[in-house]
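The values are calculated or read from the model by the stated rules, or taken from the named source; none is laboratory data. In this text, all values refer to a predicted model and were calculated from it rather than measured experimentally. Reconstructed Cβ throughout: ideal geometry from the backbone, glycine too, with neighbour counts over all protein chains shown.
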Amino acid sequence: MSTEVKKSGRLLKAPENFLGQGDEKSPETMRRKFLAASVSTAAATFAGLGLQASAQAQAAVGAGDPNILQLPAHSTGLGMPVAANPYGAPSQYEKGLQRRESPGLTRVSAASVAFTPLQGTFGIITPSGLHFERHHQGWWDIDPSKHRLMVMGLVKNPKVYTMDDLMRLPSVSRIHFIECGANTAMEWGNVAVPTVQYSHGMVSCSEFTGVPLSVLLDDCGIDRKQAKYILGEGADGSSMTRTIPLDRALDDVIVAYGMNGEMLRPENGYPLRLVVPGIQGVSWVKWLRRIEVGDQKWATKDEAIHYVDLMPDGLHRQYTGIQEAKSVITTPSGGQTLLDKGFYNISGLAWSGRGKIKRVDVSVDGGRNWRTARLETPVLSKAFTRFNIDWVWNGGPAILQSRAQDDTGYVQPKINQLRAVRGTRSIYHQNAIQSWKVAESGEVSNVQVY
Ligand code: MTE
């Protein structure tokens, strides 16, 4: 490693309320503030980054640091009692990391999206409180003792299940991503939003627990000769109804009540939702109350008017559910500022609705040269895969990109390759390579590179 590599770069976070009101802090003001504040904590930061600087050098940097010399209250007094916060919550210092609504995106907040702050999560699991939300007509906290699931249609014994019934059945727990088909939709025509939270935050990854749908269909005696599709229906006022082909329904679909070790959160469908791995989020029907088995597609409003792809020839494509391979660098990413030259860990997420991520390549020069990133374990099917790669920023302009490949051999396209096939008037399934430009000032912004 060169001396340059040993010096780790510090990163100024993106203003958390980037699109909110009252964001009077410009990156420059924040940079100056951060620099001033960081002088006194340089030693701690230095040590915290695990650098290989000599003990002598560290001592010199830390000399006179009150954060080392003066014992804080937490080192001398009695801490908080157990169960002071019986459920637990993040540190007060992390309160900027939140799901956020993009102002002006929809007229009513009940029919809107709150985006996951991908720039601030680690590993592959999205904390339940940061899991993105997308509702067509608001969310409800439904009393589980009154919630029922009806299974009917082409089955010998139509049944109604209570939550108790369902939770007694054999269960599975699987880690999967869920991505709204409209994720990154704002970027079809042009660069539209500044941070990865808004450009890619309609995707999350959780461990879901529930009953395989195949178990329920067998329990009701599905007519395997005639049945070809199932319909999932939600209990909210949006009349969310989605057709799912039977082979998929019998494969890996789960009727889920658990998420990340606890019951689903109300925003995410408590007490029951469909988990349809690899398929766009709209099919993951929340507050699930009915499953109908049929022999043809239903062409409901959310399959005929919405969630169709407008192609360049003016025709609509229907039933395009699979979320193809996609990736994004989450740090450094839009709105952040690189404060020093030197070492940075480029980190990001990749996922594919068709299986496992096989490889992620990263470019720092806008796609001229590529290096293969490290895939961190576990690498699971239809789940987030975390990738990391070392980078030494020399202070010059750079364009950071990641390109995912899944185990079918499919390679994430460039934006112009995608537009050549899909045009620019689509909403759904925008999985193009994302580009983040690093300016000489260190500021990172969203750009499109063809
Ligand atoms: N199910 C019902 N009943 N009502 C809804 O509005 N929204 C759908 C889907 N399931 C929705 C629903 C859409 S468009 C998406 S992207 C996902 O739920 C979002 O799931 P999440 O809010 O748990 O992230």
Could you give me the residue pairs with C-beta distances under 7 Å whose first residue belongs to region 121-149 and is over 23 Å from GLU207 (Cβ atoms), whose second residue is among the hydrophobic types (A, V, I, L, M, F, W, C) and within 12 Å of the ligand (Cβ to nearest atom) wherever it lies, and which are 6+ apart or on separate chains? HIS136/ALA111; HIS136/MET240; GLN137/ALA110; GLN137/ALA111; GLY138/ALA110; TRP140/TRP287
It is to be established whether one or more residues within region 354-364 are free of Cβ contacts under 8 Å to residues at least 24 places away in the same chain, farther than 29 Å from ASP252 by Cα and either over 19 Å from the mean Cα position of the chain (by Cα) or surrounded by fewer than 16 Cβ atoms within 10 Å (Cβ to Cβ) (or both). no
Residues that are under 16 Å from ILE322 (Cβ atoms) and not in a loop (DSSP other than H, G, I, E, B), drawn from region 406-450: ASP406, VAL411, LEU418, VAL421, ARG422
Filter result (on the phi > 0 side of the Ramachandran plot and at pLDDT below 95) within region 51-106: GLY64, GLY104
For region 158-181, give me the residue count where each residue is assigned to a helix (DSSP H, G or I) and either more than 12 Å from ILE254 (Cα to Cα) or not assigned by TED's automatic domain parsing to the domain that holds LEU216 (or both). 5
Looking only at region 182-201, count how many residues are surrounded by fewer than 24 Cβ atoms within 10 Å (Cβ to Cβ) and assigned to a loop (DSSP other than H, G, I, E, B). 8
Lone unmet requirement of (1) within 13 Å of the ligand (Cβ to nearest atom); (2) surrounded by 14 or more Cβ atoms within 10 Å (Cβ to Cβ); (3) modelled with pLDDT of 95 or more for GLY129: (2)
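Hey, could you check region 203-248 for residues that are acidic (Asp, Glu) and part of a strand (DSSP E or B) and say which is nearest to the ligand (Cβ to nearest atom)?
Here the residue is GLU233.
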Do we have GLY335 as within 16 Å of the ligand (Cβ to nearest atom), buried (at least 22 other Cβ atoms within 10 Å of the Cβ), outside the structural domain of LEU12 (by TED's automatic domain parsing) and assigned to a loop (DSSP other than H, G, I, E, B) here? no
With the requirement that a residue be hydrophobic (A, V, I, L, M, F, W, C), within 8 Å of the ligand (Cβ to nearest atom) and touching a helix residue (DSSP H, G or I) at 6+ places or on another chain (Cβ under 7 Å), what does region 275-315 give you? VAL282
If you go through region 168-202, how many residues are away from the ligand (no atom under 12 Å from the Cβ) and closer than 20 Å to LYS13 by Cβ? 8
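Evaluate the following for ALA110: is it within 14 Å of the ligand (Cβ to nearest atom), on the phi < 0 side of the Ramachandran plot and assigned to a strand (DSSP E or B)?
Numbers: within 14 Å of the ligand (Cβ to nearest atom): yes; on the phi < 0 side of the Ramachandran plot: yes; assigned to a strand (DSSP E or B): no.
Considered against the rule, which asks whether it is within 14 Å of the ligand (Cβ to nearest atom), on the phi < 0 side of the Ramachandran plot and assigned to a strand (DSSP E or B), ALA110 comes out as no.
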